[in-house]
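This report refers to the structure that appears directly beneath it.
The values are calculated or read from the model by the stated rules, or taken from the named source; none is laboratory data. The shown structure was predicted, so the numbers you read here are calculated from the model rather than taken from an experiment. Glycine gets a Cβ as well: all are built from the backbone with ideal geometry, and neighbour counts include every protein chain shown. What goes into the accessible areas is simple: the full protein's heavy atoms, side chains included, and nothing from ligands, DNA or RNA. Shrake-Rupley method; radii C 1.70, N 1.55, O 1.52, S 1.80 Å.
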Amino acid sequence: MTFLDVLCVGETMAMVTPAKAESLSQAEECLLGFGGAESNVAAHLAEFGYRAGWASRLGRDPFGDRILGSLTSQGVDVSMVVRDEAAPTGVYFKDPDLGHGARTLYYRKGSAASRMSPEDSGTWPLEQTGWIHTSGINAALSNSCSALTEHLLAEARTTGYQVSFDVNYRAALWNVNAAAPRLLELARMASVVLVGLDEAEILWGCTTADEVSALLEGPRHLVIKDSANEAVEFVREQNAEQSVCRVPAHRVEVVEPVGAGDAFAAGYLAGLLRGDKPADRLALGHSFAAWTLGTRADFRPGHGTRPRKY
């Protein structure tokens, strides 16, 4: 196993979406793809030139074959993925936005990924990994997945890797009363936290970036995304000082917003790992997100690569 810059952990599902701009109820032809927050980040980082891996569970079925083949072709290390004989790969369907709002229909209950647990990480090269990236989606899948997320965050203190945690609250997976305290607990353990201001308001009643910062004092880097307006980063120094950087979002024509948050996370992390200044890494996150907003796919290749700094 070679050294990994980033290991992304979470569920990826097969995705079915109409081939044309029409509803699922009317579509006669559909496209088969895949999507998952953490594997999207891994694919973006791999294209950018980082050694990115993805760890999860997939069913031993054609959907799992397709996901593994596609991520491998995108340069992602998938050697840590377990093929589960007893559970299927999850599937979700996209119903396009035709003026009534887009819908995403998930069929993931009992999926292979929901069976992940802290024991899975025993075979992962954590000592040879610089960074772990995961999200609140993984924590919501099952009790064992939630335990895995906490385990990875706790192990960072002794193993030496850093952890970025994208809050990624999904109301379809758990209600706010269960999600709010658990996501807050996990976020406070991370090195880097990314959260949408809209999520923070739903979960914790925060209406400004400053309120989120006051609530989440633990992470060294806290990034609050205010939709199409701006992104704000709070950096906490060892001497207890704090700096704040704000960068406006790009103005783009939105084809579909799904996947843009993952692209932002990947762009921001690429800049952070490279040693960019706060304004530059936020701008890189916006650039990745803007590129993805122009497609119906969760991951859009072609944003190119830039040399890394070490």
Going by the alpha-carbon gyration tensor, a ≥ b ≥ c the square roots of its eigenvalues, is region 99-165 rounded (a/c under 1.5) or, if a/c is not under 1.5, prolate (a/b greater than b/c) versus oblate?
prolate
Return the inverse of the average 1/r over all pairs of distinct C-alpha atoms in the chain, which is the Kirkwood hydrodynamic radius, in Å to one decimal.
19.5
Only helices at least 20 Å long along their axis, Cα-based, and averaging -1.0 or more on Kyte-Doolittle count here, so list those DSSP H runs from the chain.
143-159, 260-274, 278-293
Let me check I've understood the local charge: for K109, count other residues with C-beta under 13 angstrom from its C-beta, Lys and Arg +1, Asp and Glu -1. What total comes out?
+1
Along the chain, longest interval not containing exposed GluC sites (Glu not before Pro), exposed being DSSP loop plus at most 10 other Cβ atoms within 10 Å
86-236
How long are the semi-axes of the equivalent ellipsoid of region 66-220, taking √(5λ) for every eigenvalue λ of the Cα gyration tensor, in whole Å from largest down?
25, 24, 15
May I ask what percent, to the nearest 5, of DSSP beta bridges between residues of region 14-132 are antiparallel?
60
Rounded, prolate or oblate (a/c below 1.5 giving rounded, otherwise prolate when a/b exceeds b/c) for region 2-74 by Cα gyration tensor:
prolate
Rg/Rh over Cα atoms for region 1-143, Kirkwood Rh, comes to 1.00
First check a/c for region 137-232, with a ≥ b ≥ c the square roots of the eigenvalues of its C-alpha gyration tensor; if it is under 1.5, answer rounded, and if not, answer prolate when a/b is larger than b/c or oblate otherwise.
oblate
With +1 at each Lys and Arg Cβ and -1 at each Asp and Glu Cβ, the charge dipole magnitude of region 100-232 around its Cα centre, to the nearest 20 debye, comes out at 500
With Cβ to Cβ distances under 9 Å as the rule, what net charge do the other residues near E38 carry (K, R +1; D, E -1)?
-3
Quantify, in whole percent, the carbon and sulfur part of the accessible surface of the chain (1.4 Å probe; protein heavy atoms only).
50
